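Inspection log for the structure reproduced underneath, given as structure tokens.
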Amino acid sequence: MSAAQLAATIQSVVMLIFLLVLCLRLVASFRLDEFRQRMFAVRDELFDYAAAGNIGFNDPAYRLLRQSMNGFIRYGHQLTFFRACMGDLQRWVSGEEPRMVWHDKWQHALDQIDNEDVKQRLIELHLRSLQLALNRLVLGSPVFMLLVAAAIVGLILRDGWQNIMRMWEKAAGFAVSRVINTKWLEEDAAACAAA
């Protein structure tokens, strides 16, 4: 190999590494922007629902759900599989009994709502925001994507080919529930929003 060929090879490798790093950073930035935009859309639906007079802006359920969504938007850059696992590990090692302050308040606020349609709509918006957060966790980690893929294969073998999207959501929820306590995600989001 001549010196010119060696120089061209080294230059090509360096440029490929540079392009790879650049693409990975751009993809990460795009994914974060997309997550936040989708969470903003769900939060806007909640606002529009309250503006239509279905629930008061000062209602505890409305305020808690909005606080959770604001927390997810605010700390979306920290919403990673690694951080979630480390948070769970820290709680497990310290023997800290998790306090579900936000979750308990949310359940109490839902119990105070008399209108079943309003309650169901708020639950649906809550589940959509949580699904966005879980998708960010799952799709942001190659390791976690492999766990979800393994769970999907297991569910396909068990359930058959009925509905791929239903299986994806079920597999993501199954895999997340085995590794991460989703209530802690909401507690962290509420704490960030309150800060």
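The values are calculated or read from the model by the stated rules, or taken from the named source; none is laboratory data. Please read all numbers here as calculations on a predicted model, not as lab measurements. Neighbour counts are summed over all protein chains in view; Cβ atoms, including those assigned to glycine, are modelled from backbone coordinates with ideal geometry.
Sort out which residues of segment 1-49 are among the aliphatic types (A, V, I, L, M) and under 18 Å from Phe81 (Cα atoms), and write them in order of number.
Hits for segment 1-49 are Leu24, Val27, Ala28, Leu32.
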* Of the residues Leu46, Leu24, Leu16, Leu20, which single one is modelled with pLDDT of 80 or more, farther than 22 Å from Arg128 by Cα and either in a helix (DSSP H, G or I) or among the aromatic types (Phe, Trp, Tyr) (or both)? -> Leu16
* Hits in segment 122-142 - residues which are at pLDDT 75 or above, surrounded by fewer than 17 Cβ atoms within 10 Å (Cβ to Cβ) and over 12 Å from the mean Cα position of the chain (by Cα) -> Ile123, Glu124
* From Ala8, Ala52, Ala3, residue being over 26 Å from Leu110 (Cα atoms) and exposed (fewer than 11 other Cβ atoms within 10 Å of the Cβ) -> Ala3
* For segment 89-105, state whether one or more residues are surrounded by fewer than 16 Cβ atoms within 10 Å (Cβ to Cβ), under 19 Å from Leu127 (Cβ atoms) and either modelled with pLDDT of 95 or more or not polar (S, T, N, Q) (or both). => yes
